[in-house]
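Note sheet for the following structure.
No lab work stands behind these numbers, since they all come straight from the coordinates. Quantities reported herein were computed from a predicted structural model and do not represent experimental measurements. Quick reminder, even Gly has a Cβ in these numbers, built from the backbone with ideal geometry, and neighbours come from all protein chains shown.
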Amino acid sequence: AKDMLKGLAVGGTLFEELGFSYVGPIDGHDLDQLLPVLRTVKARATGPMLIHVLTKKGKGYAPAERARDGGHATAKFDLVTGKQKKTPSNAPSYTRVFAESLLSEAADDPRICAITAAMPDGTGLDLFAERYPSRCFDVGIAEQHAVTFSAGLAAGGMRPFCALYSTFLQRGYDQV
């Protein structure tokens, strides 16, 4: 128990038990601290190494720091405000078509629910969450959990729509 508590406070014990050398945590925004550590690790590492680096999304750029789920697929944007500059179009986006279609289906079927992994705006599920908050689940940055959770909901009789960015879907393979 004592070692476990030490590991919670210090951080490296679990990884060291798995055979990794552990360095950290390190402030990933402080290059004067980070770069020497990276150079030292590169020169001296003789086996698996875990470097624990702490960062904050958008650090130093206020619009990005405020945008919890923004900045993943940005188009042109105003540097001062961080707002995207929309190109005028008469056609709805694929995201909008998906969102409206899902809302239409969900109005007729209470078994329909929606799952996202920290990307409600980018997937169109923000609209679903507004209309059906008890049927919309944001599992955070845990795509593998989103996939398994969706399977469990389906096994229980629900009709889940799991909306993820394809590049992160590979994390779902971890659950197979």
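Match the structure shown to one of the listed values (1) 60, 46, 25; (2) 52, 37, 32; (3) 50, 34, 30 of Cα extents along the principal axes in Å, computed from it, and give that label. Computed from these coordinates, Cα extents along the principal axes in Å corresponds to label (1). Projected over all directions and averaged, the alpha-carbon convex hull of region 81-164 occupies 6.5 nm². Full extension of the chain segment joining TYR165 with LEU34 gains 44.1 nm, where the gain is 0.36 nm per residue of separation less the Cα-Cα distance. Per-residue ellipticity at 222 nm, computed for the chain from helices alone with -39500 (n - 2.57) per DSSP H run of at least four residues, works out to -12000 deg cm²/dmol.
Each residue in MET158, MET119 was given a count of other beta-carbon atoms within 10 angstrom of its own, and listing them fewest first yields MET158, MET119. The mean sequence separation of alpha-carbon pairs under 8 Å and at least six residues apart, normalised by the residue count of the chain, gives a relative contact order of 14 percent.
Take the chain and mark each of the trypsin sites (Lys or Arg not before Pro) that is in a DSSP loop with at most 15 other Cβ atoms within 10 Å; the longest unmarked stretch, sites excluded, is 112-176. Each of THR87, THR95 was scored by other Cβ atoms within 10 Å of its Cβ. Listed from fewest to most, they are THR87, THR95. The count of lysine pairs in the chain that are at least 8 places apart or cross chains, and whose C-alpha atoms lie under 20 Å apart, stands at 7.
Listing LEU103, LEU14, LEU54 from fewest to most neighbouring C-beta atoms within 10 Å gives LEU54, LEU14, LEU103. Long hydrophobic helices in the chain: the complete DSSP H runs spanning 15 Å or more by Cα along their own axis with mean Kyte-Doolittle hydropathy of at least 0.0 are 31-44, 94-108, 143-155.
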